[in-house]
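Asker: Here it is: the structure, laid out below.
Derivation of every value follows stated rules applied to the coordinates shown; laboratory data play no part. Note that this is a predicted model, so its numbers are computed, not measured. Neighbour counts run over all protein chains shown; Cβ positions are idealised from the backbone, glycine included.
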Amino acid sequence: MQLIDGKATAEAIKGEIAIEVKEILANGGKQPHLAAVLVGNDGGSRTYVNHKVKACEQCGFKSTLLEFEETITEEELLAVVDKLNKDEDIDGFIVQLPLPKHIDETKVTLAIDPAKDVDGFHPENLGRMMIGLPGFLPATPYGIVQLLERYGIETSGKKCVVVGRSNIVGTPMSLLMSRNAKVGNCTVTLTHSRTADLAAETREADILIAALGKPEFVTADMVKEGAVVIDVGTSRVKDDSKKSGFSLKGDVKFDEVSPKCSFITPVPGGVGPMTVVTLMRNTLLAAKNR
Ligand code: GUN
């Protein structure tokens with residue numbers, strides 16, 4: 001079993017991006033600038049946004065964090081998006097999800113200028129991905145693609161099973177894995193809560209991608225011997241032994257599943273750091289496109 005080190009891979013890629021930024025600046029170009037919008041006080045969201053701001057520093061980007069109270073109205077948030085769309089200095093921005101219940105996430109996503117949508121959540125960017133046009137790829141799925149590529153994991157002709165059909169991970173992931181690309185050419189099964197016999201499906205997987213958001217859901221009996229297992233889960237589970245009061249749990253029961261795998265990503269330190277790296281890559285691309 002080989003552990004896929006997302007943290008080390010992410011550090012390496014950020015180093016590569018930082019070199020590119022230095023060259024841009026040396027040639028009189030503009031410093032890439034990412035803005036992040038954070039609404040409310042969700043601990044997880046705050047941590048993720050802080051990681052993104054820190055990654056900007058490491059890559060040599062400028063970053064702006066815009067924070068708003070939980071009580072911001074949809075109209076006010078849409079006005080913030082509009083302002084960021086028009087801000088000449090900002091190359092790309094993200095609105096951290098989830099948003100409070102009184103705000104329609106789809107409406108907010110649709111309001112983002114696709115040319116600044118570095119999360120790759122706008123239907124224009126998702127549509128571009130679907131027909132293989134250049135655009136911003138969604139952060140988590142593309143982070144996983146980069147991990148598979150850097151670890152030289154063969155995907156062509158393999159059976160890939162994705163668990164979970166969210167708009168931001170499962171559904172775009174299944175598309176990327178089936179594309180005709182260096183990492184791709186898989187036969188993909190997209191499974192979800194209505195799948196009749198989930199374990200029968202996951203046991204068929206050469207590459208199993210768990211993105212359902214249920215801590216330790218995938219057990220050893222659900223995994224084929226020698227499978228590549230990618231764990232997208234990041235559930236916060238109460239843990240009094242930790243100073244923070246919680247521990248981060250993946251969707252995979254790591255201790256019992258890992259001995260069966262050829263490769264596996266840990267949580268934390270697997271997919272998470274790569275998600276942030278894709279955002280940096282997309283921001284650099286957005287800056288170059290302008
Ligand atoms: N919430 C969970 N993942 C993401 C992400 O990649 N981007 C944003 N904006 N919100 C998220």
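Asker: So what's the projected area for region 98-218, the Cα convex hull averaged over all directions, in nm²?
Answerer: 8.5 nm²
Asker: Separate question: Return the loop-located trypsin sites (Lys or Arg not before Pro) in region 120-200 (DSSP other than H, G, I, E, B) with at most 12 other Cβ atoms within 10 Å of their own Cβ; answer none if there are none.
Answerer: Lys182, Arg194
Asker: Another question about this same structure. Quick check: from the Cα gyration tensor, does region 27-113 come out rounded (a/c under 1.5), prolate or oblate?
Answerer: Oblate.
Asker: If you don't mind, there's one more thing I want to ask. Net charge within 15 Å of Glu70 by Cβ-Cβ distance, Lys/Arg positive one each and Asp/Glu negative one each, not counting Glu70 itself?
Answerer: So the surrounding residues net to -4.
Asker: Compute the projected area of the convex hull of the Cα atoms of region 139-273, averaged over all viewing directions, and report it in nm² to one decimal place.
Answerer: With the hull built on Cα positions only, its mean projection is 8.0 nm².
Asker: Give me the angle, in degrees from 0 to 90, between the Cα long axis of helix 271-289 and the longest principal axis of the Cα atoms of the chain, rounded to the nearest 10.
Answerer: 40 degrees
Asker: Going by Cβ distance under 4.7 Å, what cysteines of the chain have no possible disulfide partner?
Answerer: Cysteines lacking a close Cβ partner in the chain: Cys56, Cys59, Cys261.
Asker: For the chain, state the semi-axes of the equivalent ellipsoid (square roots of 5 times the eigenvalues of the alpha-carbon gyration tensor), sorted largest first and rounded to whole angstrom.
Answerer: Three semi-axes, in Å: 31, 22, 19.
Asker: Would you mind checking the radius of gyration and Dmax of region 188-266 based on alpha-carbon positions, in Å?
Answerer: Considering region 188-266 through its Cα atoms, Rg and Dmax are 13.1, 41 Å.
Asker: List the relative contact order of the chain as a percent without decimals, with contacts defined as Cα pairs under 8 Å and 6+ residues apart.
Answerer: 21 percent
Asker: Rounded, prolate or oblate: which fits region 1-49, taking a ≥ b ≥ c as square roots of the Cα gyration tensor eigenvalues, rounded meaning a/c under 1.5, else prolate when a/b beats b/c?
Answerer: Oblate.
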